[in-house]
Amino acid sequence: MTSPDEIDRLVAALTLAEKCALVTRADAFSVTNVGARRGSDVVQIYVSPHQPVVPRPPKQLASFAKVHLDPGEKTVARVVLPERAFARCDVATHSWFVDLGTYDVVVAASAVDERFRLPYEIGAQG
């Protein structure tokens with residue numbers, strides 16, 4: 001389970017950038033190689049709609065960042081969610097469409113190894 005401190009850190013790490021792309025602050029996701037060999041790790045970001053308007057997968061990979069580390073090295077992963085991260089293809093109009101509502105932004109090491117979930121609201125522009 002995610003601690004309140006982790007949630008606060010994640011909330012602070014997510015900012016809205018140009019063209020509605022969600023960008024994580026560079027210090028948001030630190031990765032440390034605790035092994036004796038050079039290695040790699042991947043920080044994955046998934047998007048999961050709370051109440052999808054049309055049938056959708058429970059979560060979709062939206063972006064990722066791969067880091068390479070020497071033994072004992074610690075680094076940070078910067079992950080940018082593209083503008084279409086929350087979009088779905090509207091078959092009626094043959095275009096991309098973002099449904100309003102609440103989504104979870106899921107930070108994970110893999111599809112089954114979730115580390116944090118953060119609710120993210122997409123509301124009407126007014």
Open item on the list: Quick check on the range 85-106. Is at least one of its residues in contact with a Phe, Trp or Tyr (Cβ under 7 Å, 6 or more places away or on another chain) and small (Gly, Ala, Ser)?
Closed with: yes
- [ ] Determine, yes or no, whether Ser3 is out of contact with any Leu (no Cβ under 6 Å at 6 or more places or on another chain), surrounded by fewer than 16 Cβ atoms within 10 Å (Cβ to Cβ), over 13 Å from Tyr120 (Cα atoms) and at pLDDT 50 or above.
- [x] no
- [ ] Provide a single number: the residues in the range 106-126 that are farther than 15 Å from Val43 by Cβ and part of a strand (DSSP E or B).
- [x] 4
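Report yes if Lys59 is surrounded by 13 or more Cβ atoms within 10 Å (Cβ to Cβ), touching a residue at least 24 places away in the same chain (Cβ under 8 Å), of a type in the set (Lys, Arg) and within 30 Å of Asn33 (Cα to Cα), otherwise no.
On the way: surrounded by 13 or more Cβ atoms within 10 Å (Cβ to Cβ): yes; touching a residue at least 24 places away in the same chain (Cβ under 8 Å): yes; of a type in the set (Lys, Arg): yes; within 30 Å of Asn33 (Cα to Cα): yes.
Criteria met by Lys59.
Sort through Ala65, Ala109, Ala77, Ala85 and tell me the only one that's surrounded by fewer than 16 Cβ atoms within 10 Å (Cβ to Cβ), aliphatic (A, V, I, L, M) and within 12 Å of the chain's Cα centre (by Cα). So that I can check it myself, show each step before the final result.
Values: Ala65 fails: surrounded by fewer than 16 Cβ atoms within 10 Å (Cβ to Cβ); Ala77 fails: surrounded by fewer than 16 Cβ atoms within 10 Å (Cβ to Cβ); Ala85 fails: surrounded by fewer than 16 Cβ atoms within 10 Å (Cβ to Cβ).
Among Ala65, Ala109, Ala77, Ala85, only Ala109 is surrounded by fewer than 16 Cβ atoms within 10 Å (Cβ to Cβ), aliphatic (A, V, I, L, M) and within 12 Å of the chain's Cα centre (by Cα).
Residue check: is Glu121 surrounded by 14 or more Cβ atoms within 10 Å (Cβ to Cβ), at pLDDT below 90 and among the acidic types (Asp, Glu)?
Working: surrounded by 14 or more Cβ atoms within 10 Å (Cβ to Cβ): no; at pLDDT below 90: yes; among the acidic types (Asp, Glu): yes.
Answer is no for this residue.
The values are calculated or read from the model by the stated rules, or taken from the named source; none is laboratory data. Nothing here was measured: the structure is a model prediction, and the numbers come from that model. For neighbour counting, all protein chains shown are included, and Cβ atoms are generated from backbone atoms with ideal geometry for every residue, glycine included.
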